[in-house]
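Participant: I'd like to ask some things about the structure below.
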Amino acid sequence: MSDEEVLLQSPLLYRVLRGRDGALSIEVVVGGIVQFEVRVRLNAEETESFQREGRAFSDRLAQAIMANPPFGGRSVKSPVQ
């Protein structure tokens with residue numbers, strides 16, 4: 001059983017998660033022929049933006065991650081569930 005709560009599941013192939021410690025992360029499906037999931041832990045500013053804007057913010061963030069999966073070195077490959 002996962003220690004994470006799914007806050008938002010999007011048809012754009014991402015989900016926003018809250019960990020046991022309360023921190024938010026976004027998990028995004030990236031790639032072309034070979035697809036995989038990456039996860040980015042939201043910083044304080046991103047967390048505030050998600051709380052304020054919800055899906056609109058997370059859609060923009062997911063699209064930015066899809067366009068650049070390393071996301072400035074912040075993304076990690078998601079653990080297998």
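Participant: For a protection proxy built on the mean count of beta-carbon atoms within 10 angstrom, sort 64-77, 36-49 highest first, please.
Facilitator: Result, highest mean Cβ count within 10 Å first: 36-49, 64-77.
Participant: Leaving out ligands, DNA and RNA, and with a 1.4 Å probe, what % of the accessible surface on the chain is carbon or sulfur?
Facilitator: 54
Participant: A further question follows. Please state the relative contact order of the chain as a whole percent: Cα pairs under 8 Å, 6+ residues apart?
Facilitator: So the answer I get is 24 percent.
Participant: How much length is gained on full extension from GLU53 to LEU7, taking 0.36 nm per residue of separation minus their Cα-Cα distance?
Facilitator: Extra length from GLU53 to LEU7 when fully extended: 15.2 nm.
Participant: Sticking with this one: Averaged per residue, what accessible area in Å² does the range 1-69 show with a 1.4 Å probe, protein chains only?
Facilitator: Each residue of the range 1-69 exposes 61 Å² on average to a 1.4 Å probe.
Participant: With charges only on Cβ, +1 for K and R and -1 for D and E, what is the dipole size of the chain about its Cα centre, in debye, rounded to 20?
Facilitator: Result for the chain is approximately 160 debye, rounded to the nearest 20.
Participant: Taking the Cα centre of the chain as the origin and placing charges on Cβ (Lys, Arg +1; Asp, Glu -1), which of LEU12, GLY32, GLY73 is farthest toward the positive end of the dipole?
Facilitator: Highest projection toward the positive end goes to GLY32.
The values are calculated or read from the model by the stated rules, or taken from the named source; none is laboratory data. Small disclaimer: the values here were computed from a predicted structure and weren't measured. Here Cβ is always computed from backbone atoms with ideal geometry, including for glycine, and neighbour counts include all displayed protein chains. Heads up: the accessible areas ignore ligands, DNA and RNA and are worked out on the full protein's heavy atoms, side chains in. Shrake-Rupley method; radii C 1.70, N 1.55, O 1.52, S 1.80 Å.
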